[in-house]
Amino acid sequence: GKKNTKLLSHRGPDNQGEWYDIDKGIYLGFRRLSIIDLSQASNQPMHNDNTTLAFNGEIYNFKYLKKTYLENKYQFNSSGDTEVLMNLWKEFEDQSVEKIDGMYAFAVFHNNTLNLVTDYFGEKPLYLYTCEKGIFFSSEASVLIKLFSLNFKYDDNELISFLSFGYTPDYKTGFNNLELIKPATIIKFSSPFNKEKKKYWNIKKLKNNNLKTKFDKSDYDKLLSILIESIENRLHSDVP
C-alpha cells in the first residue's frame, strides 16, 4: 500500500498517510499537498468513529457548511475543509453533495460501505479498476496501470475521439476494466462485488421560451454579485 501510494508523490509532496482494516479488506492511501490548514490535523486519510475519508480537491463553501450545519454538533480538531466534508457526510451521507460547492473526488468509508464520489463536472478525476481480487481506485490512472501491468487496447472510435477532442466522450480509458468514473456520480460498495451507482445531478435543458432576449441592469448586477461571491469562495488558502 505505501509503495503504491508513493507513486502519487508528485501530486502531494507534503505528507503521506494510510488507513486500513485488514478484517474488512479495505486500504486508503493518500499524498497531501497542503493548501488549507497546513497543520497535521488535516492530514489524510482522516478517520473518526465509523467514517474514514480520502479527499482530493477543495470545498469552497466549507466555512458556511461548518457554521450552518455542523459546528454545534461536532467537535473539530482542524480548521480545514477535509474535516468539514467528513462530518458533513456523517450527517447527511448522499445528500451532502447537494450542499457542496467545490471540485472534488473522494472515497469515504462510512458504516461499512465504501462510497466513491465525483464532482458535478468531473473536474477532479477518479479511476476505478475491477478484477477478481476486488476493486481498486486512484486519482491517476497511471498508478493502477503500473500496479496491474495493464495493456493498452483501444478501438478505432476511441482513437478518433481522442485525436479529435483530446479525450474520449464516453469516458473509456483504453484499458480493460479500468473506467474513469463519470461526473456527478456516487458509487456505493457494500462489498467488492456488490455495487450501486447513481448520478446525482444533470444539466437542465432550458426551453427557448425561458431564455431572455436581452439582459437588463438587474441581470448584470445579479451576475456580477454571483461572480464576486464565487471568486471570494475560491480564494481561501493558507499559502500564497
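Each row is one residue, and each column tells you yes or no for (1) open to solvent by 100 Å² or more (accessible area, probe 1.4 Å); (2) among the basic types (Lys, Arg).
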position: THR185; (1), (2): no, no
position: LYS188; (1), (2): no, yes
position: GLU196; (1), (2): yes, no
position: ILE228; (1), (2): no, no
Inset, instruction - Please work out which one of (1) closer than 22 Å to PHE136 by Cβ; (2) open to solvent by 70 Å² or more (accessible area, probe 1.4 Å) is the condition LEU206 fails and give its number. - result: (1)
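LEU116: within 16 Å of the chain's Cα centre (by Cα), open to solvent by less than 10 Å² (accessible area, probe 1.4 Å) and under 14 Å from LEU53 (Cβ atoms), yes or no? Even if it seems obvious, please write down each step before you answer.
Details: within 16 Å of the chain's Cα centre (by Cα): yes; open to solvent by less than 10 Å² (accessible area, probe 1.4 Å): yes; under 14 Å from LEU53 (Cβ atoms): yes.
Answer is yes for this residue.
What number of residues within the range 96-108 satisfy the criterion of being part of a loop (DSSP other than H, G, I, E, B), free of Cβ contacts under 8 Å to residues at least 60 places away in the same chain and surrounded by fewer than 20 Cβ atoms within 10 Å (Cβ to Cβ)? Walk me through how you get there before you give the answer.
Here is the first cut: in the range 96-108, the residues part of a loop (DSSP other than H, G, I, E, B) are 99-101.
So of that shortlist, the ones also free of Cβ contacts under 8 Å to residues at least 60 places away in the same chain come out as 99-100.
Checking the rest, the ones that are also surrounded by fewer than 20 Cβ atoms within 10 Å (Cβ to Cβ) come to 99.
Counting residues in the range 96-108 that are part of a loop (DSSP other than H, G, I, E, B), free of Cβ contacts under 8 Å to residues at least 60 places away in the same chain and surrounded by fewer than 20 Cβ atoms within 10 Å (Cβ to Cβ) gives 1.
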Legend entry - Contacts under 9 angstrom Cβ, first residue in the range 161-176 being open to solvent by 80 Å² or more (accessible area, probe 1.4 Å), partner charged (D, E, K, R) and not in a helix (DSSP H, G or I), 6 or more apart: LYS172/ASP155; LYS172/GLU179; ASN176/LYS153
Inset, instruction - May I ask you to say which residue of ASN111, ASN157, ASN151 is farther than 26 Å from GLN40 by Cα, touching a residue at least 12 places away in the same chain (Cβ under 8 Å) and open to solvent by 10 Å² or more (accessible area, probe 1.4 Å)? - result: ASN151
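The values are calculated or read from the model by the stated rules, or taken from the named source; none is laboratory data. All values derive from a computational prediction rather than experimental measurement. With ideal geometry, Cβ positions are generated from the backbone for all residues, glycine too; neighbour counts draw on all protein chains shown. Each accessible area value is taken on the protein alone, full model and side chains, heavy atoms only, with ligands, DNA and RNA left out. Shrake-Rupley method; radii C 1.70, N 1.55, O 1.52, S 1.80 Å.
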